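Novice: Submitted below is the structure of interest, expressed as structure tokens.
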Amino acid sequence: MAKFYGIVGYAETAETKPGVWKPIIVEKEYFGDLVRNTRRYESADQVNDNLTIANEISIVADPYAYENFHAMRYVEFMGAKWKISNVEVQRPRLILTIGGVYNG
């Protein structure tokens with residue numbers, strides 16, 4: 001099992017102007033393990049296929065992660081930001097399933 005150290009991005013809603021609320025990204029660093037490491041290409045109506053990974057990353061969660069796992073948006077992995085498609089709570093860890101590239 002490979003080790004993981006990286007950033008997880010959370011989308012928190014904040015008031016930017018009176019009555020205007022927008023998502024603000026908050027980044028936190030975590031340690032963990034790379035549980036599954038797979039990739040696939042998806043054909044699209046484009047010249048090049050889209051790269052999608054279906055990796056599972058198990059992070060050691062802190063209280064902030066447990067309280068805000070619903071707001072997790074991306075994981076920084078191998079130099080790119082990947083969308084989090086699923087979060088499974090298995091105390092003391094969170095299992096993150098990641099998919100396509102995050103476009104913020």
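The values are calculated or read from the model by the stated rules, or taken from the named source; none is laboratory data. Since this is a predicted model, take the numbers as computed values, not measurements. Cβ coordinates were reconstructed from backbone atoms using ideal geometry, including for glycine residues, and neighbour counts include every protein chain displayed. We work out accessible area using only protein heavy atoms, side chains counted, and drop any ligands, DNA or RNA first. Shrake-Rupley method; radii C 1.70, N 1.55, O 1.52, S 1.80 Å.
Novice: What is the local net charge at Ala80, summed over the other residues whose Cβ is closer than 15 Å to its Cβ (Lys, Arg +1; Asp, Glu -1)?
Specialist: Here the count lands on +2.
Novice: Count of lysine pairs in the chain with Cα atoms under 23 Å apart, counting only pairs 8 or more residues apart in sequence or on different chains?
Specialist: Values: Lys3/Lys28; Lys3/Lys81; Lys3/Lys83; Lys22/Lys81; Lys22/Lys83; Lys28/Lys81; Lys28/Lys83.
Summing the qualifying lysine pairs gives 7.
Novice: Only helical DSSP H runs with n ≥ 4 go in: add -39500 (n - 2.57) per run for the chain, normalise by residue count and round the 222 nm mean residue ellipticity to 500 deg cm²/dmol.
Specialist: It comes out at -1000 deg cm²/dmol, rounded to the nearest 500.
Novice: Report the paramagnetic label zone for Val101: residues of the range 29-71 whose backbone N is under 11 Å from a point 7 Å from Cα along the Cα-to-Cβ axis.
Specialist: 49-52
Novice: With all pairs of different alpha carbon atoms counted, what Kirkwood hydrodynamic radius in Å does the range 1-88 show?
Specialist: Hydrodynamic radius (Kirkwood, Cα only) of the range 1-88 equals 14.7 Å.
Novice: To continue, here is another question. With +1 on the Cβ of every Lys and Arg and -1 on the Cβ of every Asp and Glu, and nothing else charged, how large is the dipole of the chain about its Cα centre, in debye rounded to the nearest 20?
Specialist: 60
Novice: Moving on to the next point. Heavy atoms only, probe 1.4 Å: what % of the accessible area of the chain goes to carbon and sulfur, would you let me know?
Specialist: Its accessible area is 50 percent carbon and sulfur atoms.
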